[in-house]
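Trainee: The structure under discussion is supplied below as structure tokens; questions concerning it will follow.
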Amino acid sequence: MYSAIILGAGSGKRLNLGFNKVLFKLMDKEVISYSIDYFKNDMDCKEIILVVSDVDFRYMLDKYQNDVDSIVIGGEERQNSVYNALKKVKEKYVLIHDGARPFIPFEAVEELKNSLPTHKSLTLAVRVKDTIKDVENGYVISTLNRERLVNTQTPQAFHTKEILSAHQLAIKDSYSATDDTMLLDKYYSIKTKVVNGDYRNVKLTTKDDLLFLEVIMK
């Protein structure tokens with residue numbers, strides 16, 4: 001049994017949409033709706049917390065209040081938004097998901113859930129396909145070992161007590177992380193278990209992503 005946090009407080013700046021990208025209609029359905037429906041249909045999910053911007057709050061409340069358990073306003077950064085939602089979580093376990101990722105891989109999430117009793121930090125990830133270079137001042141410094149590199153995805157899964165505490169410690173230290181797993185590593189030396197994700201689990205960021213997601217959803 002777990003709670004799900006769906007992050008939808010972003011924007012569409014890089015897409016030049018003029019509105020929040022999670023409200024873009026993909027196959028006649030808003031991007032955020034795919035994530036909400038996924039967790040609504042999972043019997044193990046006992047609570048859905050939707051994080052939205054203050055600009056979108058009234059719209060999200062009117063449209064989704066009957067589909068989720070709580071709607072909270074996010075902060076300036078992703079980390080602040082996650083913390084605002086974590087304070088509402090009631091279950092022992094929590095899955096944190098980017099609402100801009102409409103394709104959630106069922107089998108991968110099942111593995112996340114099955115691993116939660118024995119692991120306190122888990123992330124979906126896929127192997128990188130390209131050769132990755134370390135560049136400084138326009139010149140290649142080194143070539144990284146591709147066999148050890150992954151692209152992380154969401155959902156990520158945690159024990160609520162530990163991830164909430166790590167966020168609180170980060171606030172006291174004014175420490176900013178780009179990824180929730182980093183906080184557990186920094187404050188509790190908890191290693192993150194990697195669960196194989198899915199290359200179709202794309203985060204909507206650019207117009208190319210829109211085209212790819214349309215193909216996937218069809």
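Trainee: Out of Gly10, Gly18, which single residue is assigned to a loop (DSSP other than H, G, I, E, B) and at positive phi?
Mentor: That would be Gly18, the only listed residue that is assigned to a loop (DSSP other than H, G, I, E, B) and at positive phi.
Trainee: Moving on to the next point. Restricting attention to the stretch 181-197, report how many residues are under 21 Å from Arg148 (Cβ atoms) and surrounded by 17 or more Cβ atoms within 10 Å (Cβ to Cβ).
Mentor: Result for the stretch 181-197: 8.
Trainee: Taking the condition of being over 18 Å from the mean Cα position of the chain (by Cα), crowded, with 18+ Cβ neighbours inside 10 Å and under 16 Å from Lys21 (Cα atoms), how many residues in the stretch 40-74 meet it?
Mentor: 2
Trainee: Oh, and also: Mind telling me which of the residues Val135, Val109, Val82 ends up being outside any helix (DSSP H, G or I) and either over 16 Å from the mean Cα position of the chain (by Cα) or touching a residue at least 12 places away in the same chain (Cβ under 8 Å) (or both)?
Mentor: That would be Val135, the only listed residue that is outside any helix (DSSP H, G or I) and either over 16 Å from the mean Cα position of the chain (by Cα) or touching a residue at least 12 places away in the same chain (Cβ under 8 Å) (or both).
Trainee: Note down all Cβ pairs under 6 Å where the first residue falls in the stretch 171-184 and is in a helix (DSSP H, G or I), the second is among the hydroxyl-bearing types (Ser, Thr, Tyr), and they're at least six residues apart or on different chains.
Mentor: Note: pairs meeting the criteria are Thr181/Ser121; Thr181/Thr123; Thr181/Thr192; Leu184/Ser121.
Trainee: Name the single residue, out of those in the stretch 27-39 being surrounded by 19 or more Cβ atoms within 10 Å (Cβ to Cβ) and among the hydrophobic types (A, V, I, L, M, F, W, C), that is nearest to Lys218 (Cα to Cα).
Mentor: Step by step, filter the stretch 27-39, then rank; the result is Val31.
Trainee: In the stretch 40-57, which residues are touching a residue at least 40 places away in the same chain (Cβ under 8 Å) and either in a strand (DSSP E or B) or not acidic (Asp, Glu) (or both)?
Mentor: Of everything in the stretch 40-57, those that are touching a residue at least 40 places away in the same chain (Cβ under 8 Å) and either in a strand (DSSP E or B) or not acidic (Asp, Glu) (or both) turn out to be Cys45, Lys46, Glu47, Ile48, Ile49, Leu50, Val51, Val52, Ser53.
Trainee: For Ala157, are the conditions met, namely being more than 30 Å from Asp28 (Cα to Cα), of a type outside the set (S, T, N, Q) and buried (at least 23 other Cβ atoms within 10 Å of the Cβ)?
Mentor: In short, no.
Trainee: Is there a residue in the stretch 123-130 that is modelled with pLDDT under 95, within 25 Å of Thr205 (Cα to Cα) and out of contact with any strand residue (DSSP E or B) (no Cβ under 8 Å at 6 or more places or on another chain)?
Mentor: Checked against the condition, which is being modelled with pLDDT under 95, within 25 Å of Thr205 (Cα to Cα) and out of contact with any strand residue (DSSP E or B) (no Cβ under 8 Å at 6 or more places or on another chain), the stretch 123-130 yields at least one hit.
Trainee: Please indicate, with yes or no, whether at least one residue in the stretch 96-117 is surrounded by fewer than 13 Cβ atoms within 10 Å (Cβ to Cβ) and farther than 25 Å from Met217 by Cβ.
Mentor: yes
The values are calculated or read from the model by the stated rules, or taken from the named source; none is laboratory data. A quick note: this is a predicted structure, and the numbers were derived from the prediction, not measured. Every residue, glycine as well, gets a Cβ built from its backbone with ideal geometry; the counts of neighbours run over all protein chains shown.
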